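The values are calculated or read from the model by the stated rules, or taken from the named source; none is laboratory data. Quantities reported herein were computed from a predicted structural model and do not represent experimental measurements. With ideal geometry, Cβ positions are generated from the backbone for all residues, glycine too; neighbour counts draw on all protein chains shown. Note: areas computed on protein heavy atoms with side chains; ligands, DNA, RNA excluded. Shrake-Rupley method; radii C 1.70, N 1.55, O 1.52, S 1.80 Å.
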Amino acid sequence: MIQFDNVNKRYPGGHEALSGVSFHIQSGEMAFLTGHSGAGKSSLLKLIALIERSSRGQVFIDGQNLSRLKSRHIPYLRRKIGIVFQSHSLLLDRTVFDNVALPLIIAGYHPSEVGRRVRAALDKVGLLNRDKAYPITLSGGEQQRVGIARAVVNRPPLLLADEPTGNLDPELSKEIMGLFEEFNRVGVSVLIATHDHDLISRLDHRLLTLSGGRLTHDGRTTELAVSA
Amino acid sequence: MKRSARKSRTRPIKPEARGKSQKPRGRINAYFTHHLWVLVSSLGQLWRTPLSTLMTAAVIGIALALPAGLHVLLSNVQQLSSGWEGSAQVSLFIKQDVSEKHIQSLANTLRDWDGVTEVHYISREQALAEFRELSGFGDALDSLTENPLPAVLVLQPTLAQAEPASMSRLLERLRQLDAVDQAQLDMEWVRRLNGIIDVGKRSALLLGTLLALAILLVVGNTIRLTIYARREEIIITKLIGATNAFIRRPFLYTGFWYGLMGAVTAWLLVSGFLGLLRTPVSQLSFLYDSQFRLGGLDFITSLFLLLSGVLLGLAGSWLAVGRHLQAIEPT
């Protein structure tokens, strides 16, 4: 699903965010990406969503070579990727329902289909009764769950999350991670960038560790519990 | 792994290829539904800031009303003067040595000409009497031993002759007659007036072009500010997979609404002004024994006004969107 082939990312000004990164995440796999701030986690996610392009090496998503993808095809790639942000990134002047419906409207779904799918996604994250609320009236955890509902509403094969539990307390964080695991269980590939070792050490998934822009370790999250 | 009650009662969401389950007809339907939705929601956005929307519409309205109002007024003057042109007369000044009998037979010949409806003979004596009465130079005329005035044949051309080209052909033919000293079109000034009106119309067109440019800038700038105010939203929708066309759409419809509202404002302004002018103009034309009534905005002009407003609104927003949307990319 995600394949990095000796990928370098150098920003204008000379800062090298990623160097020689290679890994392969299979379809249906769930993996965590960890490392200190500035280790290159965000840069790596940006390359996957084509917010940035690699300076050297190749990135494949779902078999598609991103370095050959023309700009006008980027929107269609992004529709295959559900992205969950650290800050929820909801549109504050629209209701929860409208926020979750946005990816479907962008993809041109029929209104009746939109309603059905939005309700299914909101039900999934347990916010079916808040569909008419505005994001500002929701708690941090609820806002994050709306963000997740929006990311999965058009059933993308790949789910990316950048510090999805960054602003949440441990109890809520556990709940959010549970949601991701559930999506993974029905076949969605999931890649989550996080530095919450406490939380992920209690789960059993693949763990990629970045340090200074290099992939220094490729193992299991359970190893964290041992070393801790 | 433990699952909470809330999670377990829900259906799993499976990944699937987007839209494959939908029939093509449903997608086209959805496309139009979406356009309609954007059309209405962009109006809703404008409605939420009524004051700034009204001000923008008013600026566009005034800019459109100026050339449109000028055009309508000039058209009215032209219509009025074309009525006078129909009553244009040609005066034939007959040479002094031509006999009265000859003039009478010439008048009869001219009555049979194409393009002439009526010929009126004014003898030298009549001309002198008329001049004496009107000019007030009676005493001076008494001191003359001889009547200095020529006999005159006044021709009334048909309406078809009112057109400048055929009128000058008629004049040319009349000038070649032996008995005729001079042939003069009495309504020369009508043509001059028409010339002035043409200058006015051209000025209205140039003014209109300049103001159209101003409208483009006003709409473009307004849309530019809207784009920057909604920068966050644009970035988020781009990350969710929106195409440039999708992001452009609400701004283009906003431009459309500005243009339409501006055009309607202009229509109301021009109609209102013409309404205010109608009574004094009627009173004035009554003083001149005329049935002239000030004409309003006709259907074609109104349609043109609406169309140009809408097109300018769309073009203005297109310019702004083309320049500024590309610059907003997620980082």
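Considering only segment A:128-183, state which residues are outside any loop (DSSP other than H, G, I, E, B), out of contact with any helix residue (DSSP H, G or I) (no Cβ under 8 Å at 6 or more places or on another chain) and more than 13 Å from every other protein chain (Cβ to nearest Cβ).
A:Ile136, A:Thr137
Could you look through segment B:198-245, keep only residues that are part of a helix (DSSP H, G or I) and among the hydroxyl-bearing types (Ser, Thr, Tyr), and pick out the one that is nearest to the other protein chains (Cβ to nearest Cβ)? Spell out the reasoning first.
Residues of segment B:198-245 part of a helix (DSSP H, G or I): B:198-229, B:231-239, B:244-245.
Now restrict to residues that are among the hydroxyl-bearing types (Ser, Thr, Tyr): B:203, B:209, B:222, B:226, B:228, B:237.
On the way: B:Ser203: 46, B:Thr209: 35, B:Thr222: 19, B:Thr226: 13, B:Tyr228: 16, B:Thr237: 7 Å.
Of everything passing the filter in segment B:198-245, B:Thr237 is nearest to the other protein chains (Cβ to nearest Cβ).
Quick one: in segment A:180-200, of everything that is more than 26 Å from A:His36 (Cβ to Cβ) and either surrounded by fewer than 18 Cβ atoms within 10 Å (Cβ to Cβ) or not β-branched (Val, Ile, Thr) (or both), which residue is nearest to the chain's Cα centre (by Cα)?
A:Phe183
Hey, B:Glu329 hits all of (1) in a helix (DSSP H, G or I); (2) under 30 Å from A:Pro156 (Cα atoms); (3) in contact (Cβ under 8 Å) with a residue 40 or more places away in the chain but one; which does it fall short on?
(1)
How many residues does segment B:268-302 hold that are closer than 30 Å to B:Gly220 by Cα, in a helix (DSSP H, G or I) and in contact (Cβ under 8 Å) with a residue 60 or more places away in the chain?
The total comes to 5.
How many residues are farther than 18 Å from B:Ala65 by Cα and not basic (Lys, Arg) if we restrict to segment B:288-315?
7
For segment A:118-130, enumerate the residues that are surrounded by fewer than 22 Cβ atoms within 10 Å (Cβ to Cβ) and touching a Leu at 6+ places or on another chain (Cβ under 6 Å).
Across segment A:118-130, the qualifying residue is only A:Leu128.
Take the conditions at pLDDT 90 or above and within 25 Å of A:Lys80 (Cα to Cα) and apply them to A:Arg206. Does it pass? Full working, then the answer.
On the way: at pLDDT 90 or above: yes; within 25 Å of A:Lys80 (Cα to Cα): yes.
Yes, satisfied.
In segment A:163-210, what residues are more than 20 Å from A:Ala49 (Cβ to Cβ) and small (Gly, Ala, Ser)?
Of everything in segment A:163-210, those that are more than 20 Å from A:Ala49 (Cβ to Cβ) and small (Gly, Ala, Ser) turn out to be A:Ser173, A:Gly178, A:Gly187, A:Ser201.
If B:Gly275 passes every condition in (1) open to solvent by less than 40 Å² (accessible area, probe 1.4 Å); (2) touching a helix residue (DSSP H, G or I) at 6+ places or on another chain (Cβ under 8 Å); (3) modelled with pLDDT of 90 or more but one, which one does it miss?
So the condition that B:Gly275 fails would be (2).
Taking the conditions exactly as written (surrounded by 19 or more Cβ atoms within 10 Å (Cβ to Cβ) and assigned by TED's automatic domain parsing to the domain that holds B:Ile247), does B:Leu307 satisfy them or not?
Numbers: surrounded by 19 or more Cβ atoms within 10 Å (Cβ to Cβ): no; assigned by TED's automatic domain parsing to the domain that holds B:Ile247: yes.
No, not satisfied.
Given A:Leu172, A:Leu191, A:Leu207, which one is farther than 15 Å from A:Glu29 by Cα and of a type in the set (A, V, I, L, M)? Walk me through how you get there before you give the answer.
On the way: A:Leu191 fails: farther than 15 Å from A:Glu29 by Cα; A:Leu207 fails: farther than 15 Å from A:Glu29 by Cα.
Just one listed residue meets the conditions, A:Leu172.
Does B:Arg11 count as open to solvent by 50 Å² or more (accessible area, probe 1.4 Å), within 9 Å of chain A (Cβ to nearest Cβ), modelled with pLDDT under 65 and in contact with a Gly (Cβ under 9 Å, 6 or more places away or on another chain)?
Spelling it out, it is not the case that B:Arg11 is open to solvent by 50 Å² or more (accessible area, probe 1.4 Å), within 9 Å of chain A (Cβ to nearest Cβ), modelled with pLDDT under 65 and in contact with a Gly (Cβ under 9 Å, 6 or more places away or on another chain).
Keeping to segment A:13-27, report how many residues are under 16 Å from A:Leu191 (Cα atoms) and open to solvent by less than 20 Å² (accessible area, probe 1.4 Å).
Adding up the residues that qualify gives 3.
Any idea which residue in segment A:80-112 is nearest to the other protein chains (Cβ to nearest Cβ), counting only those that are part of a helix (DSSP H, G or I) and surrounded by fewer than 16 Cβ atoms within 10 Å (Cβ to Cβ)?
Within segment A:80-112, the match that is nearest to the other protein chains (Cβ to nearest Cβ) is A:Pro111.
Among the residues of segment A:28-49, is any open to solvent by less than 10 Å² (accessible area, probe 1.4 Å), polar (S, T, N, Q) and away from every other protein chain (no Cβ under 12 Å)?
yes
For segment B:96-142: of the residues being open to solvent by 90 Å² or more (accessible area, probe 1.4 Å) and not in a helix (DSSP H, G or I), which is modelled with the lowest pLDDT?
Checked segment B:96-142; the qualifying residue modelled with the lowest pLDDT is B:Phe137.
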